[in-house]
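Trainee: Supplied in structure tokens, the structure appears directly below.
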Amino acid sequence: MKLTMSYAIKLNGDLKALKNSIIIYRDALCYTIPIVDGHWNELENFEYTTQRMMHVEKLLHSTSQNEAFDEKFHKFPSYLRRAVINRAIGVVSSYRSNLANWVHNRKGLAPKLSLTHYTYPAYYKGNLFRNFDPVRQTIELKVFK
């Protein structure tokens, strides 16, 4: 059996770089949600979430018809891009489900797809943090400068 643990640590010191990372992550999510929503008819037919993620990744790369995610978010790490894609898929899936329920019941106002979400990137070991010391409560985080 594999055990997974989560820790919550209060961060001290200059958090300006961490705030910049969160702002960039949220901007990327705001950029990605309309793309996922615009192609939802294609995405909902996929059986697995990895298939959806890979299809959206293809949509984000540059073509002659659209400005690429890579140009707007230069040097955005692939694991964060995939986290943004999966979060955007979840947001649009929830919105579409709520919309279908509203169409069926017609109670209250119609749901709206919000582009503003106060989410945070998940800091996974090896990609975004290392050298966690639970005794001294220190950690090294990878952030945008």
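The values are calculated or read from the model by the stated rules, or taken from the named source; none is laboratory data. What you see is a predicted model; the values in this text were computed from it and never measured. Reconstructed Cβ throughout: ideal geometry from the backbone, glycine too, with neighbour counts over all protein chains shown. Ligands, DNA and RNA are excluded from the accessible area calculation, which covers all protein heavy atoms including side chains. Shrake-Rupley method; radii C 1.70, N 1.55, O 1.52, S 1.80 Å.
Trainee: What angle, in degrees between 0 and 90 and rounded to the nearest 10, separates the Cα long axis of helix 78-105 from the longest principal axis of the Cα atoms of the chain?
Mentor: 40 degrees
Trainee: Also: Over the chain, what percent of the accessible surface lies on carbon and sulfur atoms, probe 1.4 Å?
Mentor: On the chain, the fraction of accessible area on carbon and sulfur atoms equals 52 percent.
Trainee: What percent does the relative contact order of the chain come to when contacts are Cα pairs within less than 8 Å and at least six residues apart?
Mentor: 32 percent
Trainee: Ok, one more. Among 103, 36, 56, determine the one that fluctuates most according to a GNM of the chain built with springs between C-alpha atoms less than 10 Å apart.
Mentor: Among 103, 36, 56, the largest GNM mean-square fluctuation belongs to 103.
Trainee: On a 25 Å Cα-Cα criterion, which of the cross-link pairs 19/125; 2/125; 2/58; 75/142; 10/142 come out too long?
Mentor: With Cα atoms farther than 25 Å apart: 2/58.
Trainee: In addition: If exposed means no more than 13 neighbouring beta carbons inside 10 Å and the site is in a DSSP loop, what's the longest run of the chain without any exposed GluC sites (Glu not before Pro)?
Mentor: Here the longest run is 68-145.
Trainee: Taking Cα atoms, how many degrees apart are the long axis of helix 16-38 and the longest axis of the chain, rounded to 10 and kept between 0 and 90?
Mentor: So the helix axis and the longest Cα principal axis differ by about 20 degrees.
Trainee: Summing Lys, Arg as +1 and Asp, Glu as -1, what charge do residues with Cβ under 11 Å from the Cβ of residue 57 carry, residue 57 excluded?
Mentor: +3
Trainee: So what are the radius of gyration and Dmax for the Cα set of the chain, in Å?
Mentor: Rg and Dmax of the chain, Cα atoms, are 17.9, 55 Å.
Trainee: I would also like to ask the following. Which residue fluctuates most in the GNM of the chain (Cα springs below 10 Å): 15, 109, 59?
Mentor: 109
Trainee: Based on alpha-carbon centroids, what's the gap between region 70-91 and region 12-65 in Å, whole number please?
Mentor: The two parts, judged by their Cα centres, are 4 Å apart.
Trainee: As a check on your grasp of the helix formula, calculate [θ] at 222 nm for the chain: sum -39500 (n - 2.57) over DSSP H runs of n ≥ 4, divide by the residue count, round to the nearest 500.
Mentor: That calculation yields -16000 deg cm²/dmol at 222 nm.
Trainee: Please calculate how many Å² of accessible area the chain carries per residue, with a 1.4 Å probe and no DNA, RNA or ligand atoms counted.
Mentor: 74 Å²
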